[in-house]
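No value in this document is a laboratory result; all are computed from the given coordinates. On a predicted model such as this, the values are computed, not experimentally measured, just so you know. Note: ideal-geometry Cβ built from the backbone for every residue, glycine included; neighbour counts use all protein chains shown.
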Amino acid sequence: MTSANKLRGLDHLRAFAITIVFLYHYGGLFSHPQWVNTMFDFGWTSVDLFFVLSGYLISSQLFESICRYHSVDYKTFFIKRFFRIVPAYLPVVAFYYFLPFTRERGDTAPLWKLLTFTQNIGLDLRTQGSFSHAWSLCIEEQFYLLLPVVLMALVYFKKIPKGWMLLLLLFVFGFVARFTAWQYIVQFYEENTFTLLWLKWLYYPTYARLDGILAGVTIAAIFQFKLNIKTQLQLYGNRLLIIGFLVLTACWFLTRKQTSFSASVFGFPLIAIGYGFVVTGAILPTGFLYQFQSKITATIATLSYAIYFSQNSYSYNAGFSITMDPKRWQPDVYDLYTELPGCRIYFKQAN
């Protein structure tokens, strides 16, 4: 399995994910049949696909280093991460911070939260609605910072073979954290603020969104440390893709009401498992995504990071302004709208 082919399969998924994200957020700006809305209602899960991809790619690098050198090259790892993230991220932060009139919905999170990648913790769209889509990057950056430390601790104490227990513990922790947040906090909010506070406590926090990253780490661990399982999987690339799509189809029905108890507690891990099967199928030589070549998807995948960060600024500069009054968030109020995961934020044409 060549690295180029393996990444080619993942490039298709990256291109698919960012395309769905864009259509999900801005499909309302273009004429299209109603069934398109229904189909793309599941587009909010594309961020979970990005989590699985990041978990797999970053863990693969670190696991390979551990297998070869029994250590993690922190310097090389963080330099690569720095130049992958910061050159694109800081200009966008500066744009929002120094040009406040371009903010699409109110203020941003405090600058120190943006610079420390902790914006997703306690994020409330009522007061920090602009640049809110950076929440997912915050979770990934926290993962990048903590994973090498955890792995080195496991290497030092010679517990790498027991690492699966930590993955299982974190997976269970996600269930407990979401159940607790729902049971003791979210369900008691009034209807007009429920969705925003559901986002604050059950969508944006790191403790609620570890499932996708854990799925990616699990795939990387199997491919690096469980070669017998990897060998057995080689023949089933397309079957794993099909299984993944079937699981995601079931998740589509489960999460039709995203803020429900079942979707909040069980939806995220099931979505992560579904995308985990898809990612596994994409990196196996027998999968059609591995074999298929496309310069278009490769280009879109390369630009996906920049597209994701600039998307909300586009909505503002395209000539639309936003209403943040929860009482007016009704489907028949405005013709043109964009959707954030879990709640609808409607645009009205600027005067």
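Overview of values
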quantity: Pairs from Lys159/Lys200; Lys200/Lys226; Lys113/Lys226; Lys75/Lys162 whose Cα-Cα separation, in the structure shown, is over 32 Å; calculated: Lys159/Lys200; Lys200/Lys226; Lys113/Lys226
quantity: Nearest-0.05 FRET efficiency for Phe101 and Lys162, computed from C-beta distance (R0 51 Å); calculated: 0.40
